[in-house]
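*Asks:* Can you keep this structure in mind? I'll have questions shortly.
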Amino acid sequence: IRLGDALKEKGIIVSYNVVKGYFNFSLPDTHWLEHFAQLKSIPVSDRIRPAAPKGKVLIEYCSPNTNKPLHLGHIRNILLGWSVYKIAQAAGYVSETAQVINDRGVAICKSMLAWKKWANGKTPQTTGIKPDHFVGDYYVLFESRFKEEYDAWQQSEQSQNIYRERMTSLSAADFFSKFKNEYFNAHSLLGREVRQLLLQWESGDPEVIALWSMMNQWVYEGFRQTYEKLN
């Protein structure tokens, strides 16, 4: 926040927010207009083929989670990232690409728990399902079973007491729609199992780490197949 306030005060950015460790900011329109005006003043031949490298840039893109397959949004991100990479090269920058695979956390543990509870030992090889889709199916299955649990809990006396105690003006349907995350963290049996699995992962439990590694390798293989199709 101190960094954001300082940059905003200097006029370098016009707005910012901080969300779960990410610092998001917007540059002023004048930044882009001045940049494009500067580019326009440079001969096209120099713009495309500069005489000397301008510096180094690192372009990070795609960076998916390993709890589900790549989807259309990832494809858009891949095409945009690769285009920026090629443009930066053409503009004279020494360019490198990278991605950060988000392969840990609650979402990953949901897929892991679902596979443990309901897969009965099935694998991508035994089912013939593309590996990242196979893992994604268990993430979807977890959410489906969690919805069943949550729907049933909403009929309980405990849930009705919570609704009355909050003294909210929301309808029951709207209240429980917003209460879903709190239920997962405070009341859900499946939520408790997911958190326990995450704690075991953090403590280095060999069985949990082995499961995590196996399912990640399935997803990596599925990603590789998609990346090869995109060339």
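The values are calculated or read from the model by the stated rules, or taken from the named source; none is laboratory data. Computed from a prediction, not measured in an experiment: that's the story for all the values here. Heads up, the Cβs are rebuilt from the backbone with ideal geometry, glycines too, and the neighbour counts pull from every protein chain shown. All accessible areas refer to the heavy atoms of the entire protein, side chains included, with ligands and DNA or RNA removed. Shrake-Rupley method; radii C 1.70, N 1.55, O 1.52, S 1.80 Å.
*Asks:* Give the accessible surface of the chain per residue, rounded to a whole number of Å², with probe radius 1.4 Å and ligands, DNA and RNA excluded.
*Replies:* Working: 15210 Å² over 231 residues.
Averaged over the residues of the chain, the accessible area is 66 Å².
*Asks:* Which whole-percent values make up P(r) of region 101-231 when all C-alpha to C-alpha distances are grouped in 10 Å steps starting at zero?
*Replies:* 11, 36, 27, 17, 7, 1
*Asks:* I need two numbers for region 1-121: Rg to one decimal and Dmax as a whole number, Cα atoms only, in Å.
*Replies:* Cα only, region 1-121: 20.2, 65 Å (Rg, Dmax).
*Asks:* Ordering Ser169, Ser15, Ser63 from largest to smallest accessible area (1.4 angstrom probe), what's the sequence? Please list the in-between numbers first.
*Replies:* Working: Ser169 120, Ser15 50, Ser63 20 Å².
Ranked from most to least accessible, the order is Ser169, Ser15, Ser63.
*Asks:* In the chain, once you exclude exposed trypsin sites (Lys or Arg not before Pro) (DSSP loop, at most 16 other Cβ within 10 angstrom), what's the longest stretch remaining? Working shown, then result.
*Replies:* On the way: sites that count: Lys10, Lys20, Lys54, Arg104, Lys122, Arg166.
That would be 167-231.
*Asks:* Next question, about the same structure. In whole percent, how big is the carbon plus sulfur part of the accessible area of the chain, probe 1.4 Å, protein atoms only? Each step should come with its number before you reach the end.
*Replies:* Numbers: 8450 of 15210 Å².
Carbon-and-sulfur percentage of accessible area, whole number: 56.
*Asks:* Expressed as a whole percent, how much of the Cα-Cα distance distribution for the chain exceeds 34 Å?
*Replies:* 40
*Asks:* Another one. Quick check: the distance between the Cα centres of region 122-165 and region 95-118, to the nearest angstrom?
*Replies:* Each part reduced to its Cα centre gives a spacing of 17 Å.
*Asks:* While we're looking at this one, here's another question. At 7 Å along the Cα-to-beta-carbon direction for both Lys40 and Glu202, put a label point, then send me their distance in nm to one decimal.
*Replies:* The modelled label-to-label distance comes out at 5.4 nm.
*Asks:* Of all the Cα-Cα pairs you can form in region 77-156, what percent are over 21 Å apart?
*Replies:* On the way: 1700 of 3160 pairs.
Result for the distance tail: 54 percent.
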